[in-house]
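Beneath this line is the structure, given in structure tokens, with notes to follow.
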Ligand SMILES: Cc1cc2nc3c(=O)[nH]c(=O)nc-3n(C[C@H](O)[C@H](O)[C@H](O)COP(=O)(O)O)c2cc1C
């Protein structure tokens, strides 16, 4: 499909048709996604295609409290798991989640890990959380979603599992020095989003400095 249209309309899909996706199709998606850039071209990604239903349910159970906390935090008006200031909510609740509740029926569950020995943390010694290391794996994740779209699939990248990596690691036999970057759910969409809500260019781009006049 047209590249501009793909970039502008590839929204999150969390509800899928009850139609299987062949392993060969998933493999072909990854075969396109692997052309993603990474620092030093070190390609740190590893992928587990999780088909086993026992493992899927274990992962959903591990992710559920993270979603519960996300929703409880959002209710208090704070950005859940905010990178600068975050106070976990005191409220305990159970929140429904289409992905976790239906994990048995989701056509494709991919867990993407990153080999940290292949990632340079260029901002790793600053007095804030590091942002740059993730940039060696998330272009790959996004390529998975774009390549899926090209095949009529839809999906969503999620990060709940990263919050509980120590619990998920033994379930997935995560190798040493690897981080869980994302869990990507894919399938044939029940509905394909076409209009995405995003800020306008002048709201985030400016001339010469971040205080400069807006770029229009
Ligand atoms: C780094 C990252 C983490 C995300 N984590 C989650 C997640 O844990 N659960 C989820 O349902 N969606 C997750 N998403 C999807 C976002 O919610 C989605 O991209 C955003 O709300 C825009 O919505 P739209 O794609 O429907 O326009 C994540 C997306 C990114 C890029």
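The values are calculated or read from the model by the stated rules, or taken from the named source; none is laboratory data. As the structure is a prediction and not an experimental result, all values here were calculated from the model. Positions of Cβ are backbone-derived with ideal geometry, glycine not excepted, and every protein chain shown enters the neighbour counts.
Scan 65, 89, 80 and give me the residue that is over 17 Å from the mean Cα position of the chain (by Cα), surrounded by 15 or more Cβ atoms within 10 Å (Cβ to Cβ) and at pLDDT below 95. Write out each step before concluding.
Values: 65 fails: at pLDDT below 95; 80 fails: over 17 Å from the mean Cα position of the chain (by Cα).
Result of the check over 65, 89, 80: 89.
Go through (1) part of a helix (DSSP H, G or I); (2) within 16 Å of the ligand (Cβ to nearest atom) and name the single condition residue 185 misses.
If we test residue 185 against (1) part of a helix (DSSP H, G or I); (2) within 16 Å of the ligand (Cβ to nearest atom), just (1) comes out false.
Here are some conditions: (1) farther than 30 Å from residue 20 by Cβ; (2) touching a strand residue (DSSP E or B) at 6+ places or on another chain (Cβ under 8 Å); (3) touching a residue at least 12 places away in the same chain (Cβ under 8 Å). Residue 206 meets all but one. Which one does it not meet?
Unmet for residue 206, out of (1) farther than 30 Å from residue 20 by Cβ; (2) touching a strand residue (DSSP E or B) at 6+ places or on another chain (Cβ under 8 Å); (3) touching a residue at least 12 places away in the same chain (Cβ under 8 Å): (3).
Yes/no per residue for (1) more than 13 Å from the ligand (Cβ to nearest atom); (2) surrounded by 13 or more Cβ atoms within 10 Å (Cβ to Cβ); (3) assigned to a loop (DSSP other than H, G, I, E, B):
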{"position": "113", "(1), (2), (3)": "yes, yes, no"}
{"position": "144", "(1), (2), (3)": "no, yes, no"}
{"position": "147", "(1), (2), (3)": "yes, yes, no"}
{"position": "193", "(1), (2), (3)": "no, yes, yes"}
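Take residue 177 and tell me if it is closer than 18 Å to residue 45 by Cβ and either buried (at least 16 other Cβ atoms within 10 Å of the Cβ) or touching a helix residue (DSSP H, G or I) at 6+ places or on another chain (Cβ under 8 Å) (or both). Working first, answer last.
Numbers: closer than 18 Å to residue 45 by Cβ: yes; either buried (at least 16 other Cβ atoms within 10 Å of the Cβ) or touching a helix residue (DSSP H, G or I) at 6+ places or on another chain (Cβ under 8 Å) (or both): yes.
Judged against the criteria, residue 177 is a match.
Provide a single number: the residues in segment 13-25 that are surrounded by 14 or more Cβ atoms within 10 Å (Cβ to Cβ) and within 16 Å of the ligand (Cβ to nearest atom).
3
From 46, 75, grab the single residue that is touching a residue at least 40 places away in the same chain (Cβ under 8 Å) and surrounded by fewer than 19 Cβ atoms within 10 Å (Cβ to Cβ).
Working: 75 fails: touching a residue at least 40 places away in the same chain (Cβ under 8 Å).
The conditions single out 46.
Could you pull out the residue among 164, 171, 156, 137 that is within 12 Å of the ligand (Cβ to nearest atom), over 13 Å from the mean Cα position of the chain (by Cα) and touching a residue at least 24 places away in the same chain (Cβ under 8 Å)?
Working: 171 fails: within 12 Å of the ligand (Cβ to nearest atom); 156 fails: over 13 Å from the mean Cα position of the chain (by Cα); 137 fails: over 13 Å from the mean Cα position of the chain (by Cα).
None of the other options fit; the residue is 164.
Before we move on, is residue 52 modelled with pLDDT of 95 or more, closer than 23 Å to residue 192 by Cβ and out of contact with any strand residue (DSSP E or B) (no Cβ under 9 Å at 6 or more places or on another chain)?
When the stated conditions are applied, residue 52 does not pass them.
Here is a check on your reading of the model: is residue 97 free of Cβ contacts under 8 Å to residues at least 40 places away in the same chain and away from the ligand (no atom under 12 Å from the Cβ)? Write out each step before concluding.
Values: free of Cβ contacts under 8 Å to residues at least 40 places away in the same chain: yes; away from the ligand (no atom under 12 Å from the Cβ): no.
Here the answer is no, as residue 97 does not meet what is asked.
Could you please give the count of residues in segment 78-94 that are closer than 23 Å to residue 168 by Cβ and without any contact (Cβ under 8 Å) to a residue 60 or more places away in the chain?
From segment 78-94, those closer than 23 Å to residue 168 by Cβ are 80-83, 86, 88-89, 92-94; that's our starting set.
From the residues that got through so far, the ones that are without any contact (Cβ under 8 Å) to a residue 60 or more places away in the chain too are 80, 82-83, 86, 88-89, 92-94.
Matching residues across segment 78-94 total 9.
When you check residue 105 against the structure, is it within 13 Å of the ligand (Cβ to nearest atom), touching a strand residue (DSSP E or B) at 6+ places or on another chain (Cβ under 9 Å), at pLDDT 95 or above and part of a loop (DSSP other than H, G, I, E, B), yes or no?
Details: within 13 Å of the ligand (Cβ to nearest atom): no; touching a strand residue (DSSP E or B) at 6+ places or on another chain (Cβ under 9 Å): yes; at pLDDT 95 or above: yes; part of a loop (DSSP other than H, G, I, E, B): yes.
Spelling it out, it is not the case that residue 105 is within 13 Å of the ligand (Cβ to nearest atom), touching a strand residue (DSSP E or B) at 6+ places or on another chain (Cβ under 9 Å), at pLDDT 95 or above and part of a loop (DSSP other than H, G, I, E, B).
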